[in-house]
Every structure is written in C-alpha cells, then in structure tokens.
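What follows is one structure encoded as structure tokens, with my remarks underneath.
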C-alpha cells in the first residue's frame, strides 16, 4: 500500500506543476505581446511555486524547470538584462539537453541566439539558430517560424538583404499556415525593415502597415507602438510630415489609453524627431529637452536611450555647423562616453565597436591623431574577439584611409579653415545615420 504521505507529495507536485505550466504559458504570451512588466510578475510567481515542490522530487521536474528557466531568461532579455538572461539560459541548456523534448530545446537555442544577436555576436547567434532549425526539420511548430525569422534578422544585420528576405518569406509561409497572428505581424514588420534597408520606403511602409493591421486586432499595445514608430520613421525620412504628424497623434492616443513607460518613450522620441526636422531654434530646444529626458530614463530602456543620445549628438553637430561654438565638442564627447558606458555595461559588442567608430571621427575632428589610432586598434581587437567580420572589414578600410585623412586635415588646418569647414571633412553625421539603421535591426528579432 502506498503511504499517504507519498500520495500527498505526488498530488502536491501535480497541482504545483500544473500551476507552473499555466503561469509559464501566460508569462511567455505576455512577453511576446510586449507586456514585460506583467510577464515578469507572473514568472516571479513561478519562482515561488517551485520552492513549494518537495526537494527530493525536483530532479523529476527537469523538463519543466528547463522551460521555466528559458522563459525567465526570455523575460529578462526583453527587459534588456542580458547578464541575468544568459545566466538562466545556460542553466536551461544544461537541463534541457538532459530532460527536454526537441521542441523545447529549439526554444532554448532560439532565445540564446537572441541574446548573442543583441550583443553583436552574429556568427555565434547564427550557429545556435541553425542548430535549432536543424532540430525542427521534420516538423513545424511556432518556434520553427520564429527561428527562420531570427535567421533572417541576423542575415539582415550582416547586410545580406536577399538572404534575409528568403528566410523571412519562409517564416511568413509557415506562420500563415499555422495562422499565428502575432508571428505574422512580426515577420511583416521585419520584411518592412529589409525594404527600408534597400531604400524602398514605399514598400517598407506597405509591410509595416500590414503588420499594424494585424496587431490592432490583438492586445499588444507596446508592439503596436513599435510598429507605429517604424512607420513614423519612414514618413519622416520621405518628407511626408503630414503623415508623420498623423502617426504621432496615433502614438499619443495609445499612450493616453494605456499608461506604459515603453509607449511613452516611443511617443516622446517621435515627438522630438518631428521637432528636430524644423530648423527653428525654439523647436530644436524642445527636441533637445525631450531627448535629454529620454537619456535620463536609461535604466528603463537602454535601446531608446541610445537612440536619444545619438540624436543629441546629431543636434550638436548641426549647431556646430551653424555657430562654430567649440563648447559643443565637450557635449559631443560626453554623449559618446554615455553610449560607450551603456555598451560596456550591457556587453553590447557591436554597439561598442560602432561607438568607437564615432569616437574616432570625434578624435579626428579634435586633431588628436594618436588617440584616434589607439581607438581604431581597440575597435579592431573587440571586432576580432567576437567575430564581428563586417566590422573588421570596415575597420580595415578605415585604417587604409587613415593616412589620407590625416594629410587632408593637416592641409585644412594650415589653410586656417574654420571649425565648420573642418567638421564637414569628418563624416560624423553619416556614422550616426549608419548607427540608427543598425539599431533598428535589434528591435526586430
């Protein structure tokens, strides 16, 4: 006869396990819908539930624990806490390879690929994603769709636009067959980014709007805000300011309907960018104030904070061209240092190298050739260490051009050119624009 205490333990494990599985499903769904705070609250509750499982029986719950750690890592990664996410994912991989089924291992590898991508380690990210894809070759599931889409995003990050489109279209076909509305919206958004990178703003906006139509039928306001921001960017770049104002009003409406820090950040960033397009001093000052407030909110969302810092750098350069005010150089240096600090703290390797590129342009502007050369060497070391091959190529080109640039600047200096004319020789604004385009990719995994 089975002891009553053992039966009670078995029943307790079943009840708690059922609660944990239900909570994990809810937490993951909330995270995919962009509701990170609610997702975090639910996953913390799971932590408490696991503590109630009798210790002697925890090993038998290996598969559930692996899934739990994976979803916990996902929630942390979507909050931008990559160190915590990596810690939980490594534990998830160890348990998953021992206890989990193929579908769950695909999920774990997908999320690890996401973290590596966010940190700029594209080759390692691709390795994990391709491993995950090979596991799912005999059948379809939701993560098979997401992995194809993620590989498309990595290819986009590497500059392989046609390859990127190939994987996105495969993901789109699977998501359509499975009728996964949230995934469909995400993939359409990603395809919009490919056409944006190709410079086809009309097609880009078309795909963004198709994504938006699907999301409007789901309770996914944070994700809707991101897509509206994408459309806003396109209308702004195409010079259709009337449309830009319309999408800004849409963002404001969503912001007022649902108090949410992320939506509020997208709204303030969009408002600042619209003000930035107007050359009037009053509007520029308002844009600068909004951007500074966003930088102050860095602890909440470092991605939006980085965008704001880059725009502040750009505003300083615009003012520098107009006024030749040398004090602006100190502000530019301060903003570059802020980006470098975020990149180092968050271990965002690709951003760190890109920020060093910006720093090099600044050093050349300040005629500090020795520091520029040191920064170039530092950037190359980081790019080599993390296999950032695209950046290694760019650094090699920069090194070859270094001597030519130096000669140009020395001649310009001897001819008593103003700081404005010197600034025109340093393509800092081009580097900032390049960084903006790179940053958009990070929002589409």
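Below is a table of values for the structure above.
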read-out: Which numbered condition residue 373 misses (of (1) over 30 Å from residue 36 (Cβ atoms); (2) within 26 Å of the chain's Cα centre (by Cα); (3) at pLDDT 85 or above); value: (2)
read-out: Single residue of 252, 282, 292 found to be modelled with pLDDT under 85, outside the structural domain of residue 345 (by TED's automatic domain parsing) and assigned to a helix (DSSP H, G or I); value: 282
read-out: Set 171, 225, 150, 175: member being part of a helix (DSSP H, G or I), buried (at least 24 other Cβ atoms within 10 Å of the Cβ) and over 21 Å from the mean Cα position of the chain (by Cα); value: 175
read-out: Counted residues, the stretch 311-362 - those being in a helix (DSSP H, G or I) and over 22 Å from the mean Cα position of the chain (by Cα); value: 20
read-out: Top-ranked residue in the stretch 94-117 [being surrounded by fewer than 21 Cβ atoms within 10 Å (Cβ to Cβ) and over 22 Å from residue 184 (Cα atoms); ranked as modelled with the highest pLDDT]; value: 94
read-out: Criterion: crowded, with 23+ Cβ neighbours inside 10 Å and either within 24 Å of residue 346 (Cβ to Cβ) or assigned by TED's automatic domain parsing to the domain that holds residue 350 (or both) - qualifying residue of 120, 157; value: 120
read-out: Filtered residue count, the stretch 295-308, keeping only those that are in a helix (DSSP H, G or I) and farther than 19 Å from residue 432 by Cα; value: 1
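The values are calculated or read from the model by the stated rules, or taken from the named source; none is laboratory data. Here the structure is a predicted model, which means the values were calculated and not measured. In this analysis, Cβ positions are derived from the backbone assuming ideal geometry, glycine residues included, and neighbour counts consider all displayed protein chains.
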